[in-house]
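Notes follow the structure.
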Amino acid sequence: MPACPSCGGTIARTDSTCSYCGSDNPAYRPVSADIDAMMAGAMGALQTGNYTAAGKLYRQIIQDDPEIYCAYFYLGHCLSQLRQYEEAIAVMQQAITLRPGSSALYYNVGVLSQSAGRSREARASLEQALKLADTDPVFATPADREEFRQRVRGALRSA
Ligand SMILES: [Zn+2]
């Protein structure tokens, strides 16, 4: 995966900006039309609650193009809905390799670890989410950032 020219963090080729610092990705390339069509099909299955079918499609997308962040994110969501927490955690961890600066991903891994009964891992992930929230460029306003922090702190209290 290419490195960010500003901070040196890794960026997936299909992400237009760095998950650590928000800089533009010079190696950005859009996903193919075929993958786009598959993503639409998978989203349709997801929205009707057909998590098994959607999960199958997302796995196929990942096989065809392993640098599409959304495919891991939604596959993790499908597995979570199917209560396959260990698998969902593994998929979210793959998503973290594509967006290592994403506080939301660590939050998701924390919540999934709680569901899987792994409280030590849950705490570690939630603490990392809180740390990354200081720099994560995804938040549009300081209020959004604070709202996220409150959500993480709430999860930490029950972890
Ligand atoms: Zn960067």
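Looking at the stretch 1-98, the helices (runs of 4 or more DSSP H) lying wholly inside it that each contain 2 or more residues that are among the aliphatic types (A, V, I, L, M), under 23 Å from residue 133 (Cα atoms) and modelled with pLDDT of 95 or more sit at 85-98. Within the stretch 15-64, if we keep just the residues that are within 16 Å of the ligand (Cβ to nearest atom) and in contact with a helix residue (DSSP H, G or I) (Cβ under 9 Å, 6 or more places away or on another chain), the residue that is farthest from residue 95 (Cα to Cα) turns out to be 20. Tell me which residues, restricted to the stretch 65-86, are loosely packed, with under 15 Cβ neighbours inside 10 Å and in contact with a helix residue (DSSP H, G or I) (Cβ under 6 Å, 6 or more places away or on another chain). 82, the sole residue that qualifies. For residue 95, the test of being surrounded by fewer than 19 Cβ atoms within 10 Å (Cβ to Cβ), among the hydrophobic types (A, V, I, L, M, F, W, C) and away from the ligand (no atom under 16 Å from the Cβ) is failed. May I ask you to verify whether residue 67 is closer than 30 Å to residue 117 by Cα, touching a residue at least 60 places away in the same chain (Cβ under 8 Å), acidic (Asp, Glu) and more than 16 Å from the ligand (Cβ to nearest atom)? Spelling it out, residue 67 is indeed closer than 30 Å to residue 117 by Cα, touching a residue at least 60 places away in the same chain (Cβ under 8 Å), acidic (Asp, Glu) and more than 16 Å from the ligand (Cβ to nearest atom).
The values are calculated or read from the model by the stated rules, or taken from the named source; none is laboratory data. Note that this is a predicted model, so its numbers are computed, not measured. Glycine gets a Cβ as well: all are built from the backbone with ideal geometry, and neighbour counts include every protein chain shown.
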